[in-house]
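The values are calculated or read from the model by the stated rules, or taken from the named source; none is laboratory data. Please read all numbers here as calculations on a predicted model, not as lab measurements. Note that we place each Cβ from the backbone using ideal geometry, even for glycine, and neighbour counts take in every protein chain shown. Accessible surface is based on the protein model in full, side chains and every heavy atom, while ligands, DNA and RNA are left aside. Shrake-Rupley method; radii C 1.70, N 1.55, O 1.52, S 1.80 Å.
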Amino acid sequence: MVPVYTGTAGRSPFEAAPPDENGFSILLREGRPLATISFPRQPRFYGLQTSDGVPYWKIAVLHGADTLATTVMQTCIRYTDRRTACQFCAIEQSLRAERTIAHKTPAQLAEVARAAVQLDEVQHMVLTTGTPNIIDRGASVLCDSARAIKQAVDIAIQGQCEPPRDAAWFGRMKDAGIDALGMHLEAATQEVRARIMPGKATVPVSRYLEAFAQAVPVFGRGQVSTYILAGLGDSAADILSLSETLIGLGVYPFVVPFVPIGGTPLENHPAPSPEFMRSVLGPLGRMLRAARLRSSDIKAGCGRCGACSSLSGYEAGRDAAEEATRDAA
Ligand code: SF4
């Protein structure tokens, strides 16, 4: 996932022309050819629509190369009030731009998932949601969606929501067909969380840790994950210390570089530097290797997709191999 419409991307030394008829393009750095790259082709299911006329791409989209992703409820109780909204979030922006619909029904999701598997060999699916209430926090709508999808097609599903109030929801989500769970902290320290996401930060890190400890026995070690945005103010030590705790619980900390989205309060916030990302992902990759938590073992979801971060390369030790090659040269 390479951002192209952000201020940071505009200043990037990298450039690529649109792909040729075979899907290939040359990546340039400051005008000099660096590598041949290819782009995923437009999925075939994008050309279809439901019987009531909704294009499939408004219901779910391809992420990365083989991940189907959707936001089941495109609204959130926290979004419309700036005092509670997460400053990085654009959940209702795409709704206003009519690039999606507010609530994807279980039947619509099942129809699109079946087509994406059959036509485009999609391997797994991410169901995320805006937070509709502070009781189940979206778990119920995820259950209804997963049940319908699993009846239509055999695909691994990750559900993503805030920690539901009642831990019984974890078992209900598993029974409904959700194979992996994401509960996203977004930032590591309470100071940064309260500043960037004042509403969501009312659910403190300690509550997330409690929910992770309840969810891991249900979904399995490594099948519960969290998404942490690096570059919002947490130090590398803050992120690594929390990651160590998470890994100890059997939770995969998917750390990604923050990407500012146009139209959000953070649109001019700088993206983290490559040096900062290396200072986080290098040690984190080693921690994951030592604990034998592998993104490739995750049945479904962001950690398995991996497109938003180069963490899986560090986890596999590719950074160390590249450094050794550079030193030898
Ligand atoms: S890592 Fe998650 S959010 Fe990023 S492209 Fe993959 S599925 Fe989408």
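Tell me, which residue of the stretch 36-65 that is surrounded by 13 or more Cβ atoms within 10 Å (Cβ to Cβ) and of a type in the set (G, A, S) is farthest from V126 (Cα to Cα)? Ranking the qualifying residues of the stretch 36-65, first place goes to A65.
The single residue among A97, A102 that is closer than 19 Å to L127 by Cβ and open to solvent by 20 Å² or more (accessible area, probe 1.4 Å) turns out to be A102.
Is it the case that some residue within the stretch 67-74 is out of contact with any Pro (no Cβ under 9 Å at 6 or more places or on another chain), more than 16 Å from the ligand (Cβ to nearest atom) and not in a helix (DSSP H, G or I)? Within the stretch 67-74, not a single residue is out of contact with any Pro (no Cβ under 9 Å at 6 or more places or on another chain), more than 16 Å from the ligand (Cβ to nearest atom) and not in a helix (DSSP H, G or I). Is there a residue in the stretch 274-293 that is closer than 19 Å to F88 by Cβ and not in a helix (DSSP H, G or I)? No; the residues of the stretch 274-293 include none that is closer than 19 Å to F88 by Cβ and not in a helix (DSSP H, G or I).
The residues of the stretch 51-66 that are assigned to a loop (DSSP other than H, G, I, E, B) and free of Cβ contacts under 8 Å to residues at least 24 places away in the same chain, listed by number, are S51, D52, G53.
Among the residues of the stretch 127-134, not a single one is part of a helix (DSSP H, G or I) and over 19 Å from the mean Cα position of the chain (by Cα).
Go through the residues of the stretch 13-20 one by one and say whether even a single one is acidic (D, E), part of a loop (DSSP other than H, G, I, E, B) and at pLDDT below 95. Spell out how you get there, then give the answer.
Residues of the stretch 13-20 acidic (D, E): 15, 20.
Within this subset, residues satisfying the condition of being part of a loop (DSSP other than H, G, I, E, B) are 20.
This time we only want the ones that are at pLDDT below 95, so: 20.
Looking through the stretch 13-20, at least one residue is acidic (D, E), part of a loop (DSSP other than H, G, I, E, B) and at pLDDT below 95.
Got a number for residues in the stretch 115-133 being within 11 Å of the ligand (Cβ to nearest atom) and of a type in the set (S, T, N, Q)? The number of residues fulfilling the criteria is 1. Looking only at the stretch 127-155, residues that are open to solvent by 10 Å² or more (accessible area, probe 1.4 Å), within 23 Å of T100 (Cα to Cα) and of a type in the set (A, V, I, L, M, F, W, C) come to 4 in all.
For the stretch 249-265, the criterion of being more than 24 Å from T8 (Cβ to Cβ) and open to solvent by 10 Å² or more (accessible area, probe 1.4 Å) is met by at least one residue.
With respect to (1) more than 16 Å from the ligand (Cβ to nearest atom); (2) touching a residue at least 40 places away in the same chain (Cβ under 8 Å); (3) within 26 Å of G138 (Cα to Cα), the lone exception for L48 is condition (3). Mind checking whether some residue in the stretch 270-281 is open to solvent by 10 Å² or more (accessible area, probe 1.4 Å), at pLDDT 95 or above and touching an Asp or Glu at 6+ places or on another chain (Cβ under 9 Å)? The answer is yes; a qualifying residue exists.
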